[in-house]
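The values are calculated or read from the model by the stated rules, or taken from the named source; none is laboratory data. Owing to the predicted nature of the structure, the values given are computational and were not obtained by experimental measurement. Don't worry about glycine lacking a Cβ; one is built from the backbone with ideal geometry, like all the others, and counts go over all protein chains shown.
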């Protein structure tokens, strides 16, 4: 029974990676600093920093959700 | 197609048989120098030679040099250099146990040749949704990937045959994914990783005749990370490693700091009939092994079988993901 919960946890991790990746691509594709920063390479790097911030926030959310799911799935076993 | 099949077969043969042939000599040499460690899970606590990293590295270099004769690309040089540097980090740790932060930092440094040789693309590809370009961030990602894959693989080196068998399954699924994504040259360059792991598994499986040590595990992990970067299959590679990722995640979320596994309490104990069972010590970290044993005591072979089933499951998910890479919604 326990092994099935571990398999389901792996499956949930996979689904979260797919969904998280989708969010990342969709959100970062919206970022464009055209018109705000005039110098070519700086525009590229500011956009990159903005994407990095979004990526880090999404990773934190991903870890938070995974921790909650972990506690929910393995709650009884971890307690014992 | 013929010009791809010949090198693919050749590197597979070279990588498998070089490790298969060299490892018995390495076992003999290590025993002669008394470089052995106790296998606490085995009846009688036999002394097992360690590290097996040198034979793993020789197998990788021999096969990649063979491949270089067919495809003289910087990608192959990158694989050889980065993997060799990771081996050096591992062998230092094998000889002299260093602090918890040494390996991540030293492995990060071993990723520098990937940047210097320019063997990367700044796009991070995701299934179904396409990719996004992160020029500056990707450089940081490269520095992180090698320590993560190296240490993740090293963290599952807990039982006889686990790390070599797990790596064989994960790397063959990565090779299959690269073929699915039509990245043939990197797919062929990744084949030695699977065959080296498979050949080493022959000596590492229960009852082990040799342990890979940090030099073996970090070499395998670093090469896996380099293949992921060169083949632009970072996400697929992460999915194939999910049981190991889960182990690291559970460990870090219970320990809450980066620490050497030697410095923490063992999450398992050995019963009188040499089965393993989860410890009742609440301060011991939660690991994949501890969760598997939550159902009750198991033999080492039974646990390894469960871990391999998880590895096959993740390998299947990785190949499905590779197919999904070709679909855009």
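Results, tabulated for the structure shown:
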{"quantity": "Residue that is farthest from the other protein chains (Cβ to nearest Cβ) [pool: residues in the stretch B:111-125 that are crowded, with 19+ Cβ neighbours inside 10 Å and at pLDDT 90 or above]", "calculated": "B:113"}
{"quantity": "Filter pass, residue B:296 being within 12 Å of chain A (Cβ to nearest Cβ) and either surrounded by fewer than 23 Cβ atoms within 10 Å (Cβ to Cβ) or under 21 Å from the mean Cα position of the chain (by Cα) (or both)", "calculated": "yes"}
{"quantity": "Residue that is farthest from the other protein chains (Cβ to nearest Cβ), among those in the stretch B:231-241 that are closer than 14 Å to residue B:315 by Cβ, over 12 Å from the mean Cα position of the chain (by Cα) and part of a helix (DSSP H, G or I)", "calculated": "B:236"}
{"quantity": "Checklist (1) away from chain A (no Cβ under 12 Å); (2) touching a strand residue (DSSP E or B) at 6+ places or on another chain (Cβ under 7 Å); (3) touching a residue at least 24 places away in the same chain (Cβ under 8 Å) applied to residue B:277, failing item", "calculated": "(3)"}
{"quantity": "Test: residue in the stretch B:27-35 that is at pLDDT 90 or above, in contact with a helix residue (DSSP H, G or I) (Cβ under 8 Å, 6 or more places away or on another chain) and either within 14 Å of chain A (Cβ to nearest Cβ) or assigned to a loop (DSSP other than H, G, I, E, B) (or both)", "calculated": "no"}
{"quantity": "Evaluation of residue B:302 against (1) over 28 Å from residue B:125 (Cα atoms); (2) free of Cβ contacts under 8 Å to residues at least 24 places away in the same chain; (3) facing chain A (nearest Cβ under 8 Å) (one fails), failing number", "calculated": "(3)"}
{"quantity": "Unmet requirement for residue B:208, which otherwise passes all of (1) closer than 29 Å to residue B:250 by Cβ; (2) touching a helix residue (DSSP H, G or I) at 6+ places or on another chain (Cβ under 7 Å); (3) touching a residue at least 60 places away in the same chain (Cβ under 8 Å)", "calculated": "(2)"}
{"quantity": "Residue in the stretch B:172-191 that is closer than 30 Å to residue B:277 by Cα, at pLDDT 95 or above and touching a helix residue (DSSP H, G or I) at 6+ places or on another chain (Cβ under 7 Å) present", "calculated": "no"}
{"quantity": "Subset of the stretch A:10-26 (residues that are at the interface with chain B (Cβ under 8 Å from one of its Cβ atoms) and modelled with pLDDT of 90 or more)", "calculated": "A:10, A:11, A:13, A:14, A:17, A:18"}
{"quantity": "Matching residues in the stretch B:115-135 - criterion: being within 30 Å of residue A:30 (Cβ to Cβ) and touching a residue at least 60 places away in the same chain (Cβ under 8 Å)", "calculated": "B:120, B:121, B:123, B:124, B:125, B:126, B:127, B:128, B:129, B:130"}
{"quantity": "Hits in the stretch B:89-101 (condition: under 17 Å from residue B:212 (Cα atoms) and in contact (Cβ under 8 Å) with a residue 60 or more places away in the chain)", "calculated": "B:89, B:90, B:91, B:93, B:94, B:97"}
{"quantity": "Qualifying position, being surrounded by fewer than 17 Cβ atoms within 10 Å (Cβ to Cβ) and modelled with pLDDT of 75 or more, among A:62, A:72", "calculated": "A:72"}
